[in-house]
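The values are calculated or read from the model by the stated rules, or taken from the named source; none is laboratory data. Nothing here was measured: the structure is a model prediction, and the numbers come from that model. A quick note on method: Cβ atoms are made from the backbone with ideal geometry, for glycine too, and the neighbour counts reach across all protein chains shown. SASA here: full protein model, heavy atoms, side chains in, ligands and nucleic acids out. Shrake-Rupley method; radii C 1.70, N 1.55, O 1.52, S 1.80 Å.
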Amino acid sequence: MATYLVFLGPPGAGKGTQAKRLAHELQIPQISTGDLFREHLRQETALGKRANEYIKKGELVPDEVTVGMVRDRLSAADCADGAIFDGFPRTASQARALDEILDEKGATLTAVFCVDISEEELLRRLTGRRVCRENGHIFHLEFNPPEEAGACDYDGSELYQRDDDKEETVRERIRVYQEQTAPLCSHYDKRGKLVEIDGEQSIEAVTESLLQALADGQDE
Ligand code: AP5
Ligand code: MG
């Protein structure tokens with residue numbers, strides 16, 4: 001059966017870091033709506049320019065734009081065995097849309113991970129984050145530094161700081177998360193899908209917790 005996982009959690013919680021590690025482990029693609037928007041922007045598409053109007057303010061891109069993009073991505077052949085959603089769904093309406101899309105495929109969500117972390121730690125993580133231009137590989141100047149300063153360990157491309165990682169925008173992103181996305185945790189909890197994860201552990205320990213939770217879920 002196909003595996004569909006969701007990562008919920010505030011900006012900087014480690015969703016992207018962990019989704020990439022699980023994607024490698026489980027051999028299913030990571031679908032980060034933030035990365036997809038940034039790729040559109042890089043290619044200067046109309047969707048990318050529209051999305052950036054919201055992203056630069058720390059607001060959510062409208063649901064119809066986001067859902068359409070996810071639907072397209074999920075129709076690709078590499079999603080046949082499942083996918084790991086990173087930063088999607090983020091609103092009640094996106095959660096409903098995801099149910100519908102999976103329903104059409106005769107599939108259901110396997111688990112929803114909610115990554116828990118303090119605001120102080122989020123700010124530390126986001127101000128030190130650096131991302132690679134080519135493939136969005138994620139580093140941290142202190143917690144996960146690249147071998148060579150300014151270059152990606154995996155593809156050698158330049159590392160940059162995201163425009164929306166300015167403190168003021170980060171605070172707005174956290175506010176939007178609390179208001180629009182955090183309520184989804186209880187929604188998925190009621191459906192028995194939620195797994196709470198302590199995001200303040202080391203990167204490796206968080207991955208271990210995730211894999212353990214998946215193994216426990218299979219035993220049930
Ligand atoms: P998106 O790109 O999804 O950003 P986000 O949710 O704000 O999350 P981040 O990517 O900032 O953090 P993360 O949890 O992935 O952490 P990471 O692994 O990088 O969205 C950007 C924008 O796009 C949104 O604001 C919105 O405008 C729009 N958007 C996206 N999806 C949307 C949707 N569905 N609907 C509407 N709009 C949407 O880690 C952070 C740092 O910490 C890194 O430096 C990493 O190395 C480090 N780190 C990670 N784990 C650890 C650890 N355990 N210990 C120490 N350091 C760690
Ligand atoms: Mg991310």
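Grab the Cα-Cα distance for Glu179 and Glu121, subtract it from 0.36 nm times how many residues apart they are, and report the gain in nm with one decimal.
Working: separation 58, 0.36 × 58 = 20.88 nm, distance 1.95 nm.
Answer, rounded to one decimal: 18.9 nm.
Provide Met69, Met1 ordered by accessible surface of protein heavy atoms (probe 1.4 Å), highest first.
Largest accessible area first, the list is Met1, Met69.
Once backbone amide H atoms are built at 1.01 Å from N, Ser32 has Asp86 as its partners under 5 Å, excluding neighbours fewer than 5 places away on the same chain. Compactness check for segment 118-173: Cα Rg over 2.2 N^0.38 Å is 1.14.
Per-residue surface analysis assigns Ser118 an accessible area of about 50 Å², computed on protein heavy atoms at 1.4 Å probe radius.
Counting heavy atoms of the protein chains alone, Thr108 has an accessible area of about 90 Å² for a 1.4 Å probe. Estimated at the nearest 10 Å², the accessible area of Cys114 is 20 Å² with a 1.4 Å probe.
Of the beta bridges in segment 1-153, as assigned by DSSP with both residues counted there, near 25 percent are antiparallel.
Modelled spin-label separation between Glu168 and Ser93, with each label point placed 7 Å from Cα along the Cα-to-Cβ direction: 2.8 nm.
Gain in length, Glu25 to Asp153, computed as 0.36 nm per residue apart minus the alpha-carbon separation, to one decimal in nm?
Numbers: separation 128, 0.36 × 128 = 46.08 nm, distance 1.87 nm.
Gain on stretching Glu25 to Asp153: 44.2 nm.
Taking Cα centre as origin and charging only the Cβ of basic (Lys, Arg, +1) and acidic (Asp, Glu, -1) residues, the dipole magnitude of segment 49-189 rounds to 380 debye. Whole-percent P(r), the chain, all Cα pairs, 10 Å bins from 0: 8, 34, 40, 17, 1. Accessible surface area normalised per residue over the chain is 52 Å², counting heavy atoms of protein chains with a 1.4 Å rolling probe.
Relative contact order of segment 125-220, please, whole-number percent, based on alpha carbon pairs below 8 angstrom and at least 6 residues apart.
Numbers: 71 pairs, mean separation 16.9, N = 96.
In percent, rounded to a whole number, it is 18.
Beyond 31 Å in Cα-Cα separation lie the following of the pairs Lys57/Lys105; Lys15/Lys57; Lys49/Lys190; Lys15/Lys49; Lys166/Lys190; Lys20/Lys193: Lys57/Lys105; Lys49/Lys190; Lys166/Lys190.
Share of carbon and sulfur in the accessible area of the chain stands at 45%, probe radius 1.4 Å.
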